[in-house]
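For reference, the structure discussed in these notes is given below.
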Protein chains: 2
Amino acid sequence: MGRTADYSRQTCPIAATLEVIGDPWTLLILRDAFNGVRRFEQWQERLGVARNVLASRLKTLVAHGVLRTEPYSDRPPRHEYLLTDKGRELRPVLLTLYDWGERNIYGEGQAPNRMVHDGHPFRPKLVCATCGEEPGSRDLRRVDQDVAAPTVGEALARDAG
Amino acid sequence: MGRTADYSRQTCPIAATLEVIGDPWTLLILRDAFNGVRRFEQWQERLGVARNVLASRLKTLVAHGVLRTEPYSDRPPRHEYLLTDKGRELRPVLLTLYDWGERNIYGEGQAPNRMVHDGHPFRPKLVCATCGEEPGSRDLRRVDQDVAAPTVGEALARDAG
DNA sequence: ACCCAGCGTTCTTAAACGAAACCCCCTTGC
DNA sequence: GCAAGGGGGTTTCGTTTAAGAACGCTGGGT
């Protein structure tokens, strides 16, 4: 029936997230949003993405509340796209993707840019918010809930309504 | 000319990472790998992904060194797919995706499963490895290197060779 | 009046997906 | 010895989506 990876039957937060930001280009659109890009033409120019695809991606990001539109001119009517709080919470996702790519593809210090935090080099570290420890492979488990949890499709529908 | 989002002209670790794991299904394949899945039929059954697509994804993950094959039977010749060290380093990516989906789509405690770390609930927190602080939007910057950095395509080629 | 900027929409074409059939290799059971 | 079945794919074919280029719309500038 086509090509879309349809994650919506699953019941999993990862699948749910990918349903929102898993399309090709979407994460690069968000990367640029974090870097200050707000307008259609800027994204189009920087990414070289097809305009129809860009329009469609922006639309679904707005529909999911990751971006919102804000008018910046009445005549002619123009608006820009800004990250919402929900969108800003995606920053850890981008940072971990960045880190993996730098270490595993580019190699340390070989990347075209660096992250700087308050004057010193930044490298993300993921810790347990409760105890502050870095989780190992052994001590972290995924436990099923006994309640019947909604599928991705259902959760997204509720989220939109 | 087709459909692939081609990130390879960019020079960015995020784009480089997406070139490896950004295909539809790939992140769910990895999610299941972290949950102990190792064989073709298991993935096929759990994901419902088309077999040709699954075969192709596994192939590229092996080619990029995220998974490796390990024989588990000589006659008939059979192998399973295991995460490499490089693959295991993707865990933070999966954890941040999980966290976002749980909080922003399912809602706290509504997800079908929970993460448990050493007996207590786990929620990932991203901190600066150097100073231990959680970075805000203001104090984290991306700084260009002056050296001419390789494109994603070049970095991946070097990575493979 | 003409051109330009900004933001898309509409078209066509070609790649990638989805589904199901098919294939190979070997084991087990009758 | 032959059929059935499991594991791990590949082939074939139809459909959907992305790429790419062209066009449209709104208003501003000169």
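The values are calculated or read from the model by the stated rules, or taken from the named source; none is laboratory data. As the structure is a prediction and not an experimental result, all values here were calculated from the model. Methodologically, a virtual Cβ is constructed for each residue, glycine included, from the backbone with ideal geometry; neighbour enumeration extends over all protein chains shown. These area figures cover heavy atoms from the full protein model, side chains too; ligands, DNA and RNA do not enter into them. Shrake-Rupley method; radii C 1.70, N 1.55, O 1.52, S 1.80 Å.
General remarks:
- Taking Cα centre as origin and charging only the Cβ of basic (Lys, Arg, +1) and acidic (Asp, Glu, -1) residues, the dipole magnitude of chain B rounds to 440 debye.
- At q = 0.15, 0.20 Å⁻¹ the log10 of I(q)/I(0) for region A:1-88 amounts to -0.59, -0.97, computed by Debye summation with a single uniform scatterer per C-alpha, solvent ignored.
- Positive dipole terminus of the protein assembly as shown, leading residue within B:104, B:56, A:109 (C-beta point charges): B:56
- Of all aspartates and glutamates in the structure, those lying under 20 Å Cα to Cα from residue A:86, and not within fewer than 8 positions of it along the same chain, are A:19, A:23, A:32, A:70, A:154, A:159, B:99, B:102, B:108, B:134, B:139.
- If R0 is taken as 25 Å, the Cβ-Cβ distance between residue B:137 and residue B:159 corresponds to a FRET efficiency of 0.20.
- Position residue A:120, label points 7 Å along Cα→Cβ, spacing to each other copy in nm (shortest first, one decimal): 2.5
- Trypsin sites (Lys or Arg not before Pro) restricted to region B:1-43 and DSSP loop, no more than 13 other C-beta within 10 Å: B:3, B:9, B:39
- Long-range amide H partners of residue A:11 with built H, under 5 Å: A:152
- Qualifying trypsin sites (Lys or Arg not before Pro) for region B:61-141 [loop in DSSP, other Cβ within 10 Å: at most 15]: B:138
- Per-q log10 I(q)/I(0), region B:13-142, q = 0.11, 0.16, 0.22 Å⁻¹ (Debye; single scatterer per alpha-carbon; no solvent): -0.50, -0.97, -1.40
- With the largest listed first and rounded to whole Å, the semi-axes of the equivalent ellipsoid of the protein assembly as shown from the Cα gyration tensor are 29, 24, 23.
- Take region B:13-142 with all the other protein chains still there, run a 1.4 Å probe, and you get 47 Å² of accessible area per residue.
- The Cα-based radius of gyration of region B:67-161, divided by its Kirkwood radius, gives an Rg/Rh of 1.09.
- Basic side chains Lys and Arg get +1 at the Cβ, acidic Asp and Glu get -1 at the Cβ, and with that the dipole of the protein assembly as shown about its Cα centre reaches some 600 debye.
- Residue by residue, region A:26-39 carries 3J(HN,Hα) couplings of 4, 5, 6, 4, 5, 3, 5, 4, 5, 8, x, 6, 9, 10 Hz when phi is fed to the Karplus relation 6.51 cos²θ - 1.76 cosθ + 1.60 (θ = phi - 60°); x denotes Gly or Pro.
- Sorted from shortest to longest, the distances between the residue A:44 label points of this copy and the other copies are 4.4 nm, with each point 7 Å from Cα along the line through the beta carbon.
- Sorted shortest first, the distances from the residue A:69 label point to those of the same residue in the other copies are 5.0 nm; each point sits 7 Å from Cα along Cα-to-Cβ.
- Converting phi to 3J(HN,Hα) with the Karplus coefficients 6.51, -1.76 and 1.60 and the offset θ = phi - 60°, region B:46-55 yields 6, 8, x, 6, 4, 5, 5, 5, 4, 4 Hz in sequence order, with x at every glycine or proline.
- Choice from B:53, B:116, B:66 with maximal GNM fluctuation in chain B (Cα, 10 Å cutoff): B:116
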